[in-house]
Amino acid sequence: MNRWNEHIFTAELPYEKDAAVTRYLVENFHKVDDFVMSLGQMSNIPPSRLFQYENGKLVSEVTYIKNNYNASGLILYFYYIPKALLTVTYDLCRSFKRINFTCDIFFAQHFLPAFVAVILKKAGILKCNKIIFWMFDFFLIPPQITRSLYYRGIDLIQKFIRTNVDEMWYTTPRLAETDEINFGKLPDSVTKKITNGCFFERIPVKLTQKIRPVKLAFLGSLRPNNAIFESIDSVAYCLEKGINVELHIIGSGPYESKLKEYVKKKKISSSVIFYGFVDDGKKIAMILSKCHLGFALYSADAYGPNWFLTSGKFRRFVSQGLPIIATPVPYFAKYIYDYNAGFVIDNDPKEVYKCIKMVYDNPGILKTMKKGVDRLYMDYNTNVVFKKAFTSLTSDINSEQI
């Protein structure tokens with residue numbers, strides 16, 4: 001297998017959905033250091049860890065500090081989160097020390113490591129040819145005082161990062177446009193790239209054939225801005241109308257207990273299956289193999305990040321060949337429409353019912369939509385998107401070294 005000779009250091013959040021990117025790096029670069037940060041929106045955050053690979057093989061693993069910030073309000077934003085950011089920064093510097101603060105490419109999958117890398121390089125400590133910031137999301141400043149102060153701080157950091165890295169990679173064109181509207185044009189010294197999709201490696205599983213009940217898959221954090229309560233309402237409405245439907249929920253979150261009570265109140269417990277938090281791609285693939293459609297409703301939260309990003313659930317559903325019922329909020333709904341890879345509807349139980357009834361009455365629709373999903377996957381899987389992006393980057397590095 002041909003690999004790029006460059007040494008790449010990446011830093012990421014501890015989500016399995018992001019592992020497809022790191023897997024690509026491990027499979028395609030001679031030497032990879034992967035720093036997994038103890039940050040995230042999960043109830044049990046793992047400790048920070050450093051995984052070191054050579055020619056695709058794990059040669060070293062180091063475990064660092066574990067963070068825990070299950071709190072809310074002032075104590076969350078002014079104690080637990082700052083403390084977590086500081087401990088992760090400390091552990092990132094310890095990881096840099098293990099490689100003598102030297103690498104060819106630093107690939108930041110989060111604003112914090114991008115900021116740290118830029119500071120260390122400006123100080124002459126980090127010796128690195130290229131720093132890339134892969135920007136995933138953007139938050140408008142919300143009205144709540146505590147959250148607004150936190151996101152204003154992030155904005156200041158990102159405004160500094162984007163003018164001091166070598167390349168800015170955006171997961172959607174809308175995100176790139178929003179970044180420019182809010183912070184201005186990138187300087188000529190910074191290269192801009194759009195990395196649409198980045199779907200995971202498809203895991204072979206036997207898909208369900210029986211169409212009744214129609215099985216919907218929900219994947220993500222159980223919180224209101226993911227429209228999980230509206231998803232329950234839609235299932236209840238379909239059942240009332242005589243459509244046999246099930247909702248398979250993969251995920252956990254702050255509203256999990258309230259959601260289960262809501263399901264009981266609706267008297268649809270037999271039609272809603274909770275799997276809890278699952279962070280194993282093979283297990284997720286097995287659950288999705290039981291389903292016919294991915295279910296991705298979103299509330300139109302004016303201050304939410306969903307307008308700009310390519311969500312993990314979209315990436316997972318497409319990767320496993322599931323057509324999707326989606327609302328127009330996420331940018332990626334455009335691709336669902338363009339490729340005829342599902343339904344794009346309003347966040348309304350009656351609209352969901354219409355889609356489910358079409359599938360219920362004419363299962364052949366799914367076969368047509370699956371073809372659209374497959375075409376979408378072939379055009380924007382991680383191997384395709386990253387090969388193009390990294391080929392131009394490594395060519396630039398090699399030309400600079402000649």
Practice problem: Mind listing the long-range amide H neighbours of I131? Cut-off is under 5 Å, sequence gap 5 or more, other chains count too, H placed in the peptide plane at 1.01 Å from N. | Solution: F106, D166, E167
Exercise. Label the range 146-199 by shape, choosing from rounded, prolate and oblate, from the square roots a ≥ b ≥ c of the eigenvalues of the Cα gyration tensor; if a/c is under 1.5 it is rounded, and otherwise prolate applies when a/b is larger than b/c, oblate when it is not.
Key: oblate
Practice problem: Determine the calculated [θ] at 222 nm for the chain from helices alone, applying -39500 (n - 2.57) to every DSSP H run no shorter than 4 residues and normalising by the residue count; nearest 500 deg cm²/dmol. | Solution: -13000 deg cm²/dmol
Self-check item: Alpha-carbon centroid distance for the pair the range 349-384 / the range 98-132, whole angstrom
Solution: 42 Å
Quiz item: Highest GNM mean-square fluctuation, the chain, Cα pairs closer than 10 Å: which of G294, G372, G253?
Solution: G253
Quiz item: How do W169, W307 line up, fewest other C-beta atoms within 10 Å first?
Solution: W307, W169
Quiz item: How much of the DSSP beta bridge set in the chain is antiparallel, as a percent to the nearest 5?
Solution: 20 percent
Quiz item: If you find the alpha carbon centre of the range 251-268 and of the range 167-191, how far apart are they in angstrom?
Solution: 39 Å
Self-check item: Net charge of Cβ neighbours under 15 Å - reference S299; Lys, Arg +1; Asp, Glu -1
Solution: -4
Practice problem: Might you report the magnitude of the Cβ-based charge dipole of the chain about its Cα centre, with Lys and Arg at +1 and Asp and Glu at -1, to the nearest 20 debye? | Solution: 940 debye
Quiz item: In whole percent, what relative contact order does the chain give with Cα contacts below 8 Å and a gap of six or more residues?
Solution: 14 percent
Quiz item: Cα convex hull of the range 214-379: mean projected area in nm², to one decimal?
Solution: 8.9 nm²
Quiz prompt | Cα pair distances exceeding 37 angstrom across the chain, given as percent | solution = 24 percent
Practice problem: Springs between alpha-carbon atoms under 10 Å, Gaussian network over the chain: tell me which of I284, I45, I181 tops the mean-square fluctuations. | Solution: I181
Exercise. List the residues whose amide H sits under 5 Å from the amide H of V344, counting only those 5 or more places along or on another chain, with H placed 1.01 Å from N in the peptide plane.
Key: A326
Self-check item: Label point distance in nm, D379-A123, each placed 7 Å from Cα along Cα→Cβ
Solution: 4.5 nm
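Just so you know, all these numbers are worked out from the coordinates, no wet-lab data involved. Quantities reported herein were computed from a predicted structural model and do not represent experimental measurements. Don't worry about glycine lacking a Cβ; one is built from the backbone with ideal geometry, like all the others, and counts go over all protein chains shown.
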